[in-house]
């Protein structure tokens, strides 16, 4: 009996090609017109790097980029650390009542619409702002950390579940303490998962718009919200240049993610 394959269904190839065209043709057009010498978004005026130079010379854009990288860096560190501890606590222990509930709580932001998370964080942080008077970037860092943690948790947990316990058991037989086993055996083996989770968290933090819009205070635009503001004022090829830069960064990180997580024979 032959195994069923969706690729054998009639019309699979043209439908797949149509889906790829619909997905990637707008992205290709964005990249091409980021090199357009004309200010028009639809008329080609020759090749030029003018809009990249203009974007780089934009002080507001540079500030937003720096702020985005700072927030993404701290959010990645916090979310990856918390995800690593959660993964260890749910995979390196005997089965216990409530573990499924913990899985649900860790991945809660993936199951709830982003707007719901954004509104709840707005209300929670607003109360803290009123009580403390603090208006800094810590709120955005915490909000991004909460949003990114499940994305870091999933590859780390998958790495732990795929690891052979033989080396950890051998370390225990040789009188290694739990800390020594964790530091010398478990962490080095799970490092590809940690790195993959950190990269996913970093990319997600850079791209987050809805949560940032709800949580940020005045003058705390990230690159994503800065681009949204530019679109409201009128689309220019400068936005195309910024988008192309983000696209290149995302593709590089996702390529690194694939290389790190792929299985070797």
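Evaluation of residue 85 against the conditions (1) touching a strand residue (DSSP E or B) at 6+ places or on another chain (Cβ under 8 Å); (2) surrounded by fewer than 14 Cβ atoms within 10 Å (Cβ to Cβ) shows that the sole unmet condition is (1).
Going by the conditions given, is residue 220 out of contact with any strand residue (DSSP E or B) (no Cβ under 9 Å at 6 or more places or on another chain), surrounded by 13 or more Cβ atoms within 10 Å (Cβ to Cβ), assigned to a loop (DSSP other than H, G, I, E, B) and modelled with pLDDT of 80 or more?
Details: out of contact with any strand residue (DSSP E or B) (no Cβ under 9 Å at 6 or more places or on another chain): yes; surrounded by 13 or more Cβ atoms within 10 Å (Cβ to Cβ): yes; assigned to a loop (DSSP other than H, G, I, E, B): yes; modelled with pLDDT of 80 or more: yes.
Yes: the conditions hold for residue 220.
When the test is whether a residue is surrounded by fewer than 16 Cβ atoms within 10 Å (Cβ to Cβ), under 20 Å from the mean Cα position of the chain (by Cα), under 25 Å from residue 114 (Cβ atoms) and touching a residue at least 40 places away in the same chain (Cβ under 8 Å), residue 206 does not pass it. Among the residues of region 89-99, the ones that are surrounded by 10 or more Cβ atoms within 10 Å (Cβ to Cβ) and modelled with pLDDT under 80 come to 2 in all.
The helices (runs of 4 or more DSSP H) located wholly in region 40-106 that include 2 or more residues which are in contact with a helix residue (DSSP H, G or I) (Cβ under 6 Å, 6 or more places away or on another chain) and closer than 28 Å to residue 221 by Cα occupy 50-57, 59-91.
Considering region 160-177, the residues that are in contact with a helix residue (DSSP H, G or I) (Cβ under 7 Å, 6 or more places away or on another chain) and closer than 15 Å to residue 91 by Cα include one that is surrounded by the fewest Cβ atoms within 10 Å (Cβ to Cβ), namely 161. Where helices (runs of 4 or more DSSP H) fall wholly inside region 110-201, the ranges with 2 or more residues that are under 20 Å from residue 82 (Cα atoms) and either touching a residue at least 24 places away in the same chain (Cβ under 8 Å) or in contact with a strand residue (DSSP E or B) (Cβ under 9 Å, 6 or more places away or on another chain) (or both) are 114-132, 138-161.
Within region 223-260, the only residue that satisfies the criterion of being over 13 Å from residue 34 (Cβ atoms) and part of a loop (DSSP other than H, G, I, E, B) is 234.
The values are calculated or read from the model by the stated rules, or taken from the named source; none is laboratory data. Note that the structure is a prediction, hence the values are computed from the model and not measured. All Cβ positions, even for glycine, are placed from backbone atoms using ideal geometry, and neighbour counts span all protein chains on display.
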